[in-house]
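The values are calculated or read from the model by the stated rules, or taken from the named source; none is laboratory data. If you're wondering where the values come from, they're calculated on a predicted model, not measured in any experiment. All Cβ positions, glycine included, derive from the backbone under ideal geometry; neighbour counts span all protein chains shown.
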């Protein structure tokens with residue numbers, strides 16, 4: 001029987017992929033932080049089996065799992081609209097938090113939805129056709145019907161208000177956090193093991209993220225070509241997304257095959273050490289709803305260059321160099337400046353962890369709980 005003294009919050013973690021990035025990391029770390037907090041709510045997490053394994057949170061008083069079938073993305077979205085509402089009713093859920101843009105059309109309870117960015121509206125050309133067709137309509141419906149919307153940055157919140165004509169009182173900014181694993185490791189013996197494991201050169205510029213058009217890698221490659229005399233290696237860490245052919249073509253065109261090293265997806269336990277081995281982190285993305293990799297690099301004490309757009313200026317503060325995302329010359333000049341100026345490099349390395357420390361998953365979880373409680377009280 002359903003508890004008579006606890007309201008029940010369902011958390012939809014079914015979109016968590018086997019190799020999480022971005023919104024996937026949000027899901028994992030939000031759940032871990034929520035599980036550590038004391039609350040009078042009962043949290044019920046709906047997840048596929050691999051999601052439960054990735055998050056690695058045991059069931060405990062007030063926190064339990066409901067494992068759902070391991071559907072592929074298209075079937076998962078169909079199940080979200082058909083089978084999920086029945087499951088929520090069976091589990092007696094009072095509020096559903098949808099962590100990935102969309103909610104079921106029909107719900108037996110209140111709802112909160114997280115918007116990670118507005119790229120489906122601002123940069124539709126940077127998504128596959130199927131995602132362009134589904135997500136804008138689904139997000140408009142979520143914006144109209146959810147009791148509250150969570151935006152992961154003030155930049156995303158303002159974009160959502162403008163593009164979806166949202167009442168500002170219904171959308172709340174709750175930034176993401178950085179885990180304690182992301183820190184400087186100057187003397188760790190694991191550094192040598194990680195360098196060997198991923199065949200990393202002694203000195204390199206680093207990019208971390210999915211390889212897809214929005215990340216603006218062609219600009220990075222062209223800017224990097226200008227500074228080969230100072231930076232003989234560029235390491236690109238992340239899984240192959242879609243639209244990767246232009247990246248490969250530019251590498252061949254610029255004769256950079258020997259200088260570029262692709263590591264593929266790097267698991268979370270190795271990633272902090274990869275950051276620590278880099279001389280410089282560059283992230284020229286055209287738009288970020290939040291942008292975890294630059295903050296992770298800051299936390300590790302690595303100088304950062306990123307784009308002066310969307311959420312990046314607010315997240316970086318004065319701890320990074322910001323450049324326009326279409327200015328190849330400005331990016332190459334910034335790279336050259338940091339690599340040739342050890343005083344500037346050290347200054348940025350010292351500022352980075354202080355800036356990153358402002359972003360804590362515990363704060364994200366506490367503010368999220370407050371939204372649950374507010375919605376439930378209003379209901």
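Tabulated data
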item: Meets criteria (assigned by TED's automatic domain parsing to the domain that holds residue 195 and more than 28 Å from residue 200 (Cα to Cα)) for residue 308; result: yes
item: Residue 289 at pLDDT 95 or above, more than 21 Å from residue 334 (Cβ to Cβ), part of a loop (DSSP other than H, G, I, E, B) and not assigned by TED's automatic domain parsing to the domain that holds residue 131; result: yes
item: Qualifying positions in region 295-313 - assigned to a helix (DSSP H, G or I) and within 13 Å of residue 356 (Cβ to Cβ); result: 295, 296, 297, 298, 299
item: Selection within region 33-55 - under 21 Å from residue 370 (Cβ atoms), buried (at least 19 other Cβ atoms within 10 Å of the Cβ) and touching a helix residue (DSSP H, G or I) at 6+ places or on another chain (Cβ under 9 Å); result: 33, 34, 41, 43, 44, 45
item: First in region 319-331 and over 25 Å from residue 300 (Cβ atoms), second anywhere and in a strand (DSSP E or B) and at pLDDT 95 or above, Cβ under 8 Å, 6 or more apart; result: 324/307
item: Selection count where residues are in contact with a strand residue (DSSP E or B) (Cβ under 8 Å, 6 or more places away or on another chain) and crowded, with 16+ Cβ neighbours inside 10 Å, scope region 67-86; result: 3
item: Lone qualifier among 287, 265 - being out of contact with any helix residue (DSSP H, G or I) (no Cβ under 9 Å at 6 or more places or on another chain), within 21 Å of residue 116 (Cβ to Cβ) and touching a residue at least 24 places away in the same chain (Cβ under 8 Å); result: 265
item: Qualifying position, being farther than 25 Å from residue 221 by Cα and surrounded by 22 or more Cβ atoms within 10 Å (Cβ to Cβ), among 314, 365, 320; result: 365
item: Residue 253 more than 22 Å from the chain's Cα centre (by Cα), exposed (fewer than 15 other Cβ atoms within 10 Å of the Cβ) and more than 24 Å from residue 116 (Cα to Cα); result: yes
item: Filter result for residue 35 (over 21 Å from residue 90 (Cα atoms) and touching a strand residue (DSSP E or B) at 6+ places or on another chain (Cβ under 8 Å)); result: yes
item: Unmet criterion (only one of (1) farther than 30 Å from residue 192 by Cα; (2) outside the structural domain of residue 41 (by TED's automatic domain parsing)) for residue 374; result: (2)
item: Counted residues, region 113-130 - those being free of Cβ contacts under 8 Å to residues at least 40 places away in the same chain and more than 18 Å from the chain's Cα centre (by Cα); result: 2
item: Helices (runs of 4 or more DSSP H) fully within region 176-254 counting 3 or more residues that are within 29 Å of residue 29 (Cβ to Cβ); result: 190-197
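Residue by residue, here is whether (1) modelled with pLDDT under 95; (2) assigned to a loop (DSSP other than H, G, I, E, B); (3) touching a helix residue (DSSP H, G or I) at 6+ places or on another chain (Cβ under 7 Å) holds:
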position	(1), (2), (3)
6	yes, yes, no
16	yes, yes, yes
31	no, no, yes
57	yes, yes, yes
71	yes, yes, yes
76	yes, no, no
80	yes, no, no
83	yes, no, no
